[in-house]
1. Using only alpha-carbon positions, what ratio does the radius of gyration of the protein assembly as shown give when scaled by 2.2 N^0.38 Å?
2. Output ³J(HN,Hα) for the range B:425-433: one whole-Hz value per residue in order, computed from phi by the Karplus curve 6.51 cos²θ - 1.76 cosθ + 1.60 with θ = phi - 60°, and x for Gly and Pro.
3. Would you calculate, for chain A, the mean residue ellipticity at 222 nm contributed by helices, counting each DSSP H stretch of 4 or more residues as -39,500 (n - 2.57) and dividing by all residues, to the nearest 500?
4. Helix A:283-293 against the longest principal axis of chain A: what's the angle in degrees, Cα atoms only, rounded to the nearest 10?
5. Taking only C-alpha pairs under 8 Å that are 6+ residues apart, what is the relative contact order of the range A:1-103 in percent?
6. Using alpha carbons only, how many degrees (0 to 90, rounded to 10) separate the axis of helix A:169-180 from the longest principal axis of chain A?
7. List B:Ile20, B:Ile245, B:Ile391 from most exposed to least, where exposure is judged by having the fewest other Cβ atoms within 10 Å.
8. How large is ³J(HN,Hα) for each residue in the range B:202-207, as worked out from phi by the Karplus curve 6.51 cos²θ - 1.76 cosθ + 1.60 (θ = phi - 60°), to whole Hz, x for Gly and Pro?
Amino acid sequence: MRSVSGENLVQLLTPEGTRVAGPYGEWVADIDGARLQGLYEDMVVVRRVDQEATALQRQGELALWPPLLGQEAAQIGSGRALRKDDFVFSSYRENGVAYCRGVDYTDMIRVWRGNAPSGWDPYEINMATPQVIIGAQTLHATGYAMATKLDGADSVAVAYFGDGATSQGDVNEAMVFAASFQAPVVFFCQNNQWAISEPVTLQAQRDIADRAPGFGIPSVRVDGNDVLACMAVTREALERARSGGGPSFIEAVTYRMGPHTTADDPTRYRDPNELEDWKGRDPIDRLANLLEAEGLLTADFTDRVNAKADEVAAQLRHGCVTLPEPGELDVFNNVYTTPHSVLERQRDHYTRYLASFEAAGGGAR
Amino acid sequence: MGIKVFKLPDLGEGLTESEIVSWHVAEGDRVELNQILGEVETAKAVVELPSPFAGVVTVLHEAPGSTVNVGEPIVSFEVAGSGDPSGNGTGGRSSNGAATATEGGREANLVGYGAQAEAAGAPRRRRRAGAAEPGAGVPVASTAPAPEPVAAAPAQPAGELAESGKERPRSTPPVRKLARDLGIDLAEVTGTGEQGLITRADVERFHTGATAGAGERGKEQPAATTARAGGWLAGAAERESRIPIKGMRKHTAAAMVASAFTAPHATSFLTVDVTPTMELLAKLRDSRAFSGIKVTPLTVLAKALCIALERNPSLNWRWDEANQEIVRQNYVNLGIAAATERGLIVPNIKDAHALDLRQLALALGELTGAARSGKTAPADLTGGTISITNIGVFGIDAGTPIINPGEAAILAMGAVRRQPWEYQGGIALRQVVTLSLSFDHRLVDGQQGATFLADVGTILAEPGMVLTMV
């Protein structure tokens, strides 16, 4: 098993909560006490959102939910490094990143409630709707980045994916194109150790970050449970892309502490000791330790954060359970941007099909 | 105040049922939103159920161990106001508890589907969003069509609880109803179930006048005697009882049905004089090579089967319905049916064709040892090509064995008995056994089945005949 600490892992905050110096430290030199508190709040709120959504699934209000428990630092650290005009292409687990982008909470669960085919307008928050096809978003990000370059803009496309996705052809193709065209794209891989039930050690005989140089893409391996280090390496990669340096690859070494989705039972394939080990590296605990040491974890502050988390959770629940049902014909909306005759015919058939029940006297019941 | 019903949701992408594992709350308990109510086991995982409401639990509709269909009520709550801390009440679908209590389960859950069948005639349609639906906080009266316990529960026990402040005797709704019907006050009954739970048997014992001592087993005996006096089978406390079909029994049943109604079974019988085999076994047991190794008629049968398969390979093939192909399996993974505490399992010996008699004996010993101690590895239970079942150990001669699904044949060995038998022109006491072979008539014609069985019989009747076969 490859190390989750050590020399080739960028770390700026130890599991005990001690801030360590290092060449990457200067990338987050501006993160003062107030900013640290902000990152802490983000992580606590995102974890609470995750818990609430998981509960909503168990209560039959959501069909499915992919928990991010344990990956808060990787998502908040990188998500808070982004500029508004950067564009995110994510998988289905990046609800923490979506939170950083300012997504409406109800939009976050729309799809998981089976209420809409997608949750939000990508251009409102500069984040594409989550991609369920494993790794496909890396191609979208690369294509977007190539276009950005043609436009002469200095915004960056960021693709989020997991360790399992790196075995997909799409991800490898995306890296070839990104390198060939020196596209301003950041490949942000959250190595959470498990591709559903398959351990990363099986599909990656070397560190995942080692693969990128083979494509001609510089890479870095970062402690994914260290919010400061995640922010630092993301800032570096973004800066490289903005200044014409092309793509970068980040492997954030973290751990999916929960199931793959609410339909999964990780106890069937994971050693419980592993979870215990990772609980000792909890991303929120270690930042709390730092704040505590610096006298910033006051009762006032934690009360405020918890109140915010409660408030967000309540909003999420309210938005979820009061979401109006989609209309029967809504499925035909937003398939094409322009009128489409085949679709029109289908809509017409379906309308008449529905009307046949009214005619049969069944009424609305 | 109003009653809300939590119906079992689909907890994992397309599941239709779950088993209640345990309740962490009791009827009468006040619970917070998202407080864990209990655990349920789906086909995929054991998961905790957080409460969708804040309020008082009025009814736990199902006891631990019961299997519940998605959409069926599991917990009823009495909630203040709308019962939804998020301030729900705008008539979205998911003022669901109350709404769903008024009609069948079909609309109960966004992702689940109710258990009730739709009425005959034109299919029903879902209600449109915004169509009149009872809002939250529906008075109890309007929930009339809900299951009886919902209506029955709130008034009395809740009040009782509030006044006495004492915990109500722990039991389950059906047992509580039984007690009510029999006019028994549960407070007077001693529960013998888990954590003092009052069971149906406790109530019945109480009713028949026998007092079950607090956990004293000795005192349960008279009750059982009383039951027997009533004409019931030994040990039974009631005239009939119901056991949920689940776990191993459910899987065994499914496998049997799949096999019996997919593969047309034909069974042939052959009774042979195996005295020469028994003599051979006696010699082997005395030999140095087999010292300390258990060799039995089953061992010889396993070897004979492998040899006979060389000459009649179709009994070892597989019917691949999906691909419309017959798979010639040029190896023998020999399944041995084993009755274990958990039920019937058929672990198999991989590449049995490549093992000599001694190795087969060792492999059989390992396999049965593992089965007996419940340590059979999952891999040993899959990939079998043909099976043997030893019904002789139960003193049985013959029967129609059901083929292990996916295989083409199964051979049953009966008890070896000393019987009068024709021998060298006269009648002698010989050791005789009956073999029963069921084969999949899609793959195996009668002739091949018969030849195979005759070959096995020939080897057992005269082991030296192997010289003519290999």
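Values quoted throughout were computed directly from the atomic coordinates according to the rules given, and no laboratory measurement underlies them. Because the structure is predicted, anything quoted here is derived from the model rather than measured. Neighbour counts are summed over all protein chains in view; Cβ atoms, including those assigned to glycine, are modelled from backbone coordinates with ideal geometry.
1. Here the Cα radius of gyration is 1.20 times the empirical estimate.
2. x, x, 10, 9, 7, 10, 8, 10, 9
3. Only helices count here, giving -14000 deg cm²/dmol.
4. 50
5. Dividing the mean separation by the residue count of the range A:1-103 yields 20 percent.
6. 60
7. If I rank by nearby Cβ atoms, fewest first, I get B:Ile245, B:Ile391, B:Ile20.
8. My calculation for the range B:202-207 gives 4, 5, 5, 4, 4, 5 Hz in order.
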